[in-house]
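Taking it in order: structure first as structure tokens, then the write-up.
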Amino acid sequence: MIPFTKTHACGNDFLIITEKDAAGYDKAELAQRLCERNTSIGADGIEFFEWTGDFSGRIRLYNADGSIAEISGNGTRCVAAWMAEELNSQVGDELSIETDAGVRICTIDGFRESEDDAPTTLVTTDMDVPEFEETTVELSDGTVIEGVFVSMGNPHFVILLDSIDSPPDAPQFMIGDRVWQEIGEEICFHPDFPEQTNVEFVRTLRTRSDAPNQVALRIYERGVGPTSSSGTGTSATATAMIAIYGASSPLDVAAPGGIQTVEWAGPGERLYLTGPATLIARGEAW
């Protein structure tokens, strides 16, 4: 039997399993099996964890399809919430988490109960310095999509679907007559991205001082498909919106699973992502 903790950050759900408990298992096969929603526990991925110090750990993320991802912002935050409970952490504590994209420092901002009384931790994560460039992708039907390629330690292609002045009844998350899920899948597997890419579709929601400070997005996640939220996707979206499209910081980014807030002073600076993480359940799996 394999002990696990199930967590979610804005609906983006993960299993946390220690490296000790996973010893001897094929992790890719384990991720595919345990993340299956109809016949097993169900999750977007598994964070395999190992303590490296009193307040530090190392994680490796396997997506639901068994592939390895460099990092998940939400997954890292979920691990921080799990560590905070294990350590009986206090507000202000800093936890160091090493990922395949580098070390991320997570600061515990607060604790609360969720609507279903599950323990929820508010965490701010130092997401490092994003890299970005404007680029285009040509779809199979000849449509050219303008976007911003952003690296948060993992790859993202961010597409702004409207301008600040577009009417509120503009088509939602579509390009022409194609829905975002279809386009997201094609771009994810596009030859321009030999290691595949995450894809974000963004619309502005409101303005402050003529600059958008709240946006909505939909996410096609590499190795998973459509997801309710993404921490690195939220960070990449904020990077593109602030650096290219004139948004202001802090920027609220609303995904179907909830709102996260990004603070970023601009190119060359470190980006900070704040959001909740909830512990759902503990159990054992075959």
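The values are calculated or read from the model by the stated rules, or taken from the named source; none is laboratory data. Just so you know, these numbers come straight off a predicted model, no measurement behind them. Here the Cβ positions follow ideal geometry from the backbone for every residue, glycine too, while neighbour counts run over all protein chains shown.
A few points about this structure:
Results for (1) more than 29 Å from residue 255 (Cα to Cα); (2) within 16 Å of the chain's Cα centre (by Cα), shown as yes or no for each residue.
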{"residue": "5", "(1), (2)": "no, no"}
{"residue": "15", "(1), (2)": "no, yes"}
{"residue": "19", "(1), (2)": "yes, no"}
{"residue": "38", "(1), (2)": "no, no"}
{"residue": "43", "(1), (2)": "no, yes"}
{"residue": "71", "(1), (2)": "no, yes"}
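- When the strands (runs of 3 or more DSSP E) confined to the range 184-286 are screened for residues that are charged (D, E, K, R), those reaching at least 3 such residues are found at 198-208.
Here is a yes/no grid of residues against (1) farther than 26 Å from residue 95 by Cα; (2) of a type outside the set (D, E, K, R):
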residue: 20; (1), (2): no, no
residue: 23; (1), (2): no, yes
residue: 29; (1), (2): yes, no
residue: 35; (1), (2): yes, yes
residue: 61; (1), (2): no, yes
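- Some residue of the range 209-217 being over 26 Å from residue 126 (Cα atoms) and free of Cβ contacts under 8 Å to residues at least 40 places away in the same chain: yes
Per-residue answers, yes or no, for (1) modelled with pLDDT under 95; (2) surrounded by 17 or more Cβ atoms within 10 Å (Cβ to Cβ):
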| site | (1), (2) |
| --- | --- |
| 136 | no, no |
| 144 | no, no |
| 149 | no, yes |
| 153 | no, yes |
| 159 | no, yes |
| 168 | yes, no |
| 173 | yes, yes |
| 177 | yes, no |
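- Qualifying residue in the range 64-75 (condition: touching a residue at least 24 places away in the same chain (Cβ under 8 Å), among the acidic types (Asp, Glu) and more than 21 Å from residue 188 (Cα to Cα)): no
- Among the residues listed as 118, 81, 101, the single one being surrounded by 22 or more Cβ atoms within 10 Å (Cβ to Cβ) and either touching a residue at least 12 places away in the same chain (Cβ under 8 Å) or over 26 Å from residue 226 (Cα atoms) (or both): 81
- The residues of the range 179-198 that are exposed (fewer than 15 other Cβ atoms within 10 Å of the Cβ) and aromatic (Phe, Trp, Tyr) amount to a single one, 189.
- Pairs, first more than 17 Å from residue 217 (Cβ to Cβ) and in the same structural domain as residue 147 (by TED's automatic domain parsing) in the range 178-198, second surrounded by 13 or more Cβ atoms within 10 Å (Cβ to Cβ) and of a type outside the set (Phe, Trp, Tyr), C-beta under 7 Å, six or more apart: 186/139; 189/196; 190/137; 192/137; 193/155; 195/155; 196/188; 196/222
- Considered as a group, the residues in the range 21-36 that are surrounded by 18 or more Cβ atoms within 10 Å (Cβ to Cβ) and among the hydrophobic types (A, V, I, L, M, F, W, C) include one that is farthest from the chain's Cα centre (by Cα), and that residue is 22.
- The criterion of at least 3 residues that are of a type in the set (Phe, Trp, Tyr) is met, among strands (runs of 3 or more DSSP E) falling completely within the range 36-108, by 45-53.
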